[in-house]
1. Search the stretch 54-70 for residues being under 20 Å from the mean Cα position of the chain (by Cα) and open to solvent by less than 30 Å² (accessible area, probe 1.4 Å), and hand back the single one that is farthest from GLN161 (Cα to Cα).
2. Would you mind stating whether VAL153 is among the hydrophobic types (A, V, I, L, M, F, W, C), crowded, with 21+ Cβ neighbours inside 10 Å and either within 20 Å of GLY236 (Cα to Cα) or touching a Ser or Thr at 6+ places or on another chain (Cβ under 6 Å) (or both)?
3. Do we have any residue at all in the stretch 165-183 that's touching a Cys at 6+ places or on another chain (Cβ under 9 Å) and either closer than 30 Å to ASP130 by Cα or not small (Gly, Ala, Ser) (or both)?
4. Looking at SER232, SER244, SER225, which is the one that is out of contact with any Asp or Glu (no Cβ under 9 Å at 6 or more places or on another chain), within 25 Å of ASN179 (Cβ to Cβ) and open to solvent by 20 Å² or more (accessible area, probe 1.4 Å)?
5. Within the set of pairs 6 or more residues apart or between chains, which connect a residue that is over 11 Å from GLY201 (Cα atoms) inside the stretch 112-131 to a residue that is modelled with pLDDT under 90 and part of a loop (DSSP other than H, G, I, E, B) with Cβ atoms less than 8 Å apart?
6. Mind checking whether some residue in the stretch 161-184 is within 20 Å of HIS275 (Cβ to Cβ), open to solvent by less than 40 Å² (accessible area, probe 1.4 Å) and of a type in the set (D, E, K, R)?
7. Within the stretch 254-267, work out how many residues are buried (at least 16 other Cβ atoms within 10 Å of the Cβ) and either in contact (Cβ under 8 Å) with a residue 60 or more places away in the chain or hydroxyl-bearing (Ser, Thr, Tyr) (or both).
8. Going through the stretch 231-249 one residue at a time, which ones are without any contact (Cβ under 8 Å) to a residue 12 or more places away in the chain and of a type in the set (A, V, I, L, M, F, W, C)?
Amino acid sequence: MKKERIGRKIIVAAMAVAMAFTISEGTKMVTSPAHADQEDADSFDPLYYAALYPDVAAAVGTSPEALYNHYVNFGQKEGRIPYEGASGGESVDGTAVTAADTVAVTTPVQTTADIGSGPFWLFTDGEEVDKATFLQEKQRLQQQFDAAGYVHVGWTEQQVQARLLSLKEQYPEGMKVGNCSSGAARITNGLYGDPYDIHVGWVAQGDDDVLMTVDGCVPKRSIASRSVAESSLRIGDEVYIKNSEGLGHVMVVLSRSSDGITVVESNQNSDMKMHWGRFISWAELDACLCYIWHYEY
């Protein structure tokens, strides 16, 4: 029966997106985007802030005053980065750019193509609905996704890295979260969105049922070839390895360099806790890598 098939799809999809992630704060991070010259190292840089956080610019606008007010009232507590080279949540003394300056920010592109005549089923419970209800749910999830500031297609590695770092306050070093998959799911949901935030439901198209997601959500693909995986690896990707005991372990890349990567992970040494900043050389990774989930932002 078709509804039972949709129900099975929901279970499989939910399990697939509950895969583990983690983040690490270490040395040799990717260089941040260019910013306006600053006379003082502790001056807030609205050009940099808006480019790094398009979700904020979309919410409050691009005037330096609005961006500065967002940082001192909200962004600082959230651990956001106020200017290039600063630490997350660092104190600032005024803004480095005048109020006449504005910032161009790319916003997610909305789907305009007709999605057909259905039938339609919602992702959450497999309920069959009419087209108007389906599109209404898509709009609700789209607004939720955009407002949350999840990674969108078109982001740079610097923006993804900043989003990762902003999650450290919520999931700090030593926080008990469970096994590697449990900790990873918390991080990836905060990075790319919970499946219930990005999956609208299925649309019947011919003999197939196509899963529709919100606009801008990031697709991913599995890469099993070690050479391809390492050459493709970048910030925000999931890395699956075999640990020293021969058991599977999952991590998320926070930074990469010519020497290797830094990661964040949970349950290192079977302690069920979050850990940030472990460095893994390319040689070490090559010896234990199983595959990666590569996110195509």
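The values are calculated or read from the model by the stated rules, or taken from the named source; none is laboratory data. What you are looking at is a predicted structure, and each value in this text was computed from that prediction instead of being measured. Backbone-built Cβ (ideal geometry, glycine too); neighbour counts: all protein chains shown. Surface areas here come from the heavy atoms of the whole protein model, side chains and all, with no ligands, DNA or RNA. Shrake-Rupley method; radii C 1.70, N 1.55, O 1.52, S 1.80 Å.
1. In the first step, residues of the stretch 54-70 are kept if they are under 20 Å from the mean Cα position of the chain (by Cα); the result is 54-59.
If we keep only those that are open to solvent by less than 30 Å² (accessible area, probe 1.4 Å) too, we end up with 54-57.
Numbers: PRO54: 14, ASP55: 15, VAL56: 16, ALA57: 18 Å.
Only one residue fits best here, namely ALA57.
2. Details: among the hydrophobic types (A, V, I, L, M, F, W, C): yes; crowded, with 21+ Cβ neighbours inside 10 Å: no; either within 20 Å of GLY236 (Cα to Cα) or touching a Ser or Thr at 6+ places or on another chain (Cβ under 6 Å) (or both): yes.
It is false that VAL153 is among the hydrophobic types (A, V, I, L, M, F, W, C), crowded, with 21+ Cβ neighbours inside 10 Å and either within 20 Å of GLY236 (Cα to Cα) or touching a Ser or Thr at 6+ places or on another chain (Cβ under 6 Å) (or both).
3. Taking the stretch 165-183 first, the residues touching a Cys at 6+ places or on another chain (Cβ under 9 Å) are none.
No: the stretch 165-183 contains no residue that is touching a Cys at 6+ places or on another chain (Cβ under 9 Å) and either closer than 30 Å to ASP130 by Cα or not small (Gly, Ala, Ser) (or both).
4. Values: SER232 fails: within 25 Å of ASN179 (Cβ to Cβ); SER225 fails: within 25 Å of ASN179 (Cβ to Cβ).
On inspection, the qualifying residue turns out to be SER244.
5. From residues that are over 11 Å from GLY201 (Cα atoms), the pairs are ASP130/GLY118; LYS131/ILE115; LYS131/SER117; LYS131/GLY118.
6. Yes: the stretch 161-184 contains one or more residues that are within 20 Å of HIS275 (Cβ to Cβ), open to solvent by less than 40 Å² (accessible area, probe 1.4 Å) and of a type in the set (D, E, K, R).
7. So the first thing to find is which residues in the stretch 254-267 are buried (at least 16 other Cβ atoms within 10 Å of the Cβ), and the list is 254-256, 260-267.
Okay, now just the ones that are also either in contact (Cβ under 8 Å) with a residue 60 or more places away in the chain or hydroxyl-bearing (Ser, Thr, Tyr) (or both), so 254-256, 262-267.
Residues in the stretch 254-267 being buried (at least 16 other Cβ atoms within 10 Å of the Cβ) and either in contact (Cβ under 8 Å) with a residue 60 or more places away in the chain or hydroxyl-bearing (Ser, Thr, Tyr) (or both): 9 in total.
8. As a first pass, look at the stretch 231-249 and keep what is without any contact (Cβ under 8 Å) to a residue 12 or more places away in the chain: 231, 244-247.
Across the stretch 231-249, the qualifying residue is only LEU247.
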